[in-house]
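The values are calculated or read from the model by the stated rules, or taken from the named source; none is laboratory data. The structure presented is a predicted model; accordingly, all values stated were derived computationally and were not measured. Heads up, the Cβs are rebuilt from the backbone with ideal geometry, glycines too, and the neighbour counts pull from every protein chain shown.
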Amino acid sequence: MEKKRDESSSVKLVGFWVSPFVHRVRWALKFKGIEYEYIEEDIFNKTPLLSELNPLYQKVPVLVHDGKPLSDSSIILEYVDQKWKPNPLLPDDPYERAQAHLWARFADEKVLESAWLALCSEGKTQERAVKQAIENLEKVEEKLKGKRFFGGDKIGHVDLMMGFVSYMLPVWEEVAGVKILDPLKFPAVAAWTNNFLNHEAIKAEYLPSRAETVAYFQWRRKELIPVYASYSRWSNK
Amino acid sequence: MDAAKSFQSPESLFVVHSESARMATETVKVLGCWPSPYVIRARIALNIKSVEYEYQEEDLLGGNKSDLLLKSNPVYKKVPVLLHADRPICESLVIVQYVDEVWASGPAILPSDPYDRAIARFWAIYMDDKWYPRVKEGFFSEGEASKIAFEEADKGLLLLEEAFTKCSKGQKFFGGERIGYLDIALGSHLAWIRVIEKASNVSLIDEAKTPNLYKWAHDFSADVAVKDVLPSTDKLYEFAKLLISVMKGSTPEK
């Protein structure tokens, strides 16, 4: 249950209950020990609040700090890390930081995108998406070898950006009837999943129940299959 | 700078940044191809910081990626790649940020305030992911599709004109009195924008519609960190004609 906050809360987060992009921000705020007011927005029935805070995209998450809004989960995470210095999520060293940014992009542009496509397609398109998702996971496996977290011993920016793999990917696999993250093929990723979900900041933060999440994505898959089937670029990838 | 501020004690000269200072002297190499706006970004950033670097031109049109490129960027196999002390950094905006952080003693590229940094990153992502693809689509498609794409690009430019007003706060550039992250992000596209304006007979950065960006475009192109790496419209126009014929004539190499 979110704590009741008054209107003068300096940190507000506008989110949607099942969005992995929103969950990332919640983990980051928890990790930093930042208290915030959570505002649920039904993205299928958007209120004027979202148009006001994120006029260009009207998407969640939106973080509002001292009245100033920010959108895009990776931008928000970086902002939070810079604004609240204790418990850093990004490394100090510029090269390591650049690598973290690259892996964060890989998480969204490759890992999440291919898994999402596998969820929202069928037949040959789905087969290709699953193959792509597995190839992407192979790179993740290599990166994680011998490490507890992407950041090493401690959880970091990349762990939060990749966090959806630990709890969302298994749901998408079940809904789509595919296997991507086979623990025998990806022991390091499987181990990381456990380390991640058992981390105190992650465990303590809200995550929707598996049953609710499965039901939601079953509905989304049905809605989105015809939409993605009509995008010729997807079938050409 | 007044005398009191410019004095530094001997100890402070050897302060905490010895590791960064050492890193800042290591060799720098850029793998690129001259028409690429993304490569131009990396080079402008290095120029702002007065970093000496070796530039290696990759023959991407001929499909001959060097072994060094394939080794340095195995995931995306793309330029630019910055090699610093033989360690690769990829993705143009990541490179720009990296350069800003390593050569911290040079003029700042990103704003120091976290919120302003976040806004800069937001608009750079918009430029790359939303706006510029419309421009490209306008150029590469035909008829109605092209018209719609250019109309969307025009709308986007109005947003960017507004963003410029907010970020520049009355000064010459997005970054203020000197070029910064957003100037680099948008300005790197100027050569292609001019080619596309010429080839498609459209006016994108238009004196009447986007007067501030119009002036900014001139100021940016003339900047000392930019003028030698932004290709001339004529040279790029010839390259664009070649690129189109390659795309139409042969199976594109993926």
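Has the stretch B:111-132 got at least one residue that is under 24 Å from residue B:193 (Cβ atoms), part of a helix (DSSP H, G or I) and more than 13 Å from chain A (Cβ to nearest Cβ)?
First, pick out the residues of the stretch B:111-132 that are under 24 Å from residue B:193 (Cβ atoms): B:119-132.
From what is left, the residues that are part of a helix (DSSP H, G or I) are B:119-132.
Keeping just the survivors that are more than 13 Å from chain A (Cβ to nearest Cβ) gives B:132.
For the stretch B:111-132, residues under 24 Å from residue B:193 (Cβ atoms), part of a helix (DSSP H, G or I) and more than 13 Å from chain A (Cβ to nearest Cβ): present.
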Mind counting the residues in the stretch A:109-124 that are under 15 Å from the mean Cα position of the chain (by Cα) and small (Gly, Ala, Ser)?
2
Considering only residues that are under 30 Å from residue A:229 (Cβ atoms), of a type in the set (Phe, Trp, Tyr) and in contact (Cβ under 8 Å) with a residue 40 or more places away in the chain, which ones fall in the stretch A:89-122?
A:116
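One line per residue, one yes/no per condition, for (1) buried (at least 23 other Cβ atoms within 10 Å of the Cβ); (2) touching a helix residue (DSSP H, G or I) at 6+ places or on another chain (Cβ under 9 Å); (3) modelled with pLDDT under 95:
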site	(1), (2), (3)
A:98	yes, yes, no
A:120	yes, yes, no
A:125	no, yes, yes
A:131	no, yes, no
A:138	no, no, no
A:161	yes, yes, no
A:175	no, yes, no
Residue B:171 versus (1) in a helix (DSSP H, G or I); (2) without any contact (Cβ under 8 Å) to a residue 12 or more places away in the chain: which is the lone unmet condition?
(1)
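Run down A:180, A:155, A:225 and say which single residue is surrounded by 14 or more Cβ atoms within 10 Å (Cβ to Cβ), assigned to a helix (DSSP H, G or I) and not charged (D, E, K, R). Walk me through it before giving the result.
Working: A:180 fails: assigned to a helix (DSSP H, G or I); A:155 fails: assigned to a helix (DSSP H, G or I).
From the options A:180, A:155, A:225, the qualifying one is A:225.
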Might you check whether a residue that is under 21 Å from residue A:149 (Cα atoms), of a type outside the set (Phe, Trp, Tyr) and either surrounded by 15 or more Cβ atoms within 10 Å (Cβ to Cβ) or in contact (Cβ under 8 Å) with a residue 60 or more places away in the chain (or both) occurs anywhere in the stretch A:30-51?
yes
Assess whether residue A:155 counts as being in contact (Cβ under 8 Å) with a residue 40 or more places away in the chain and touching a strand residue (DSSP E or B) at 6+ places or on another chain (Cβ under 7 Å).
yes
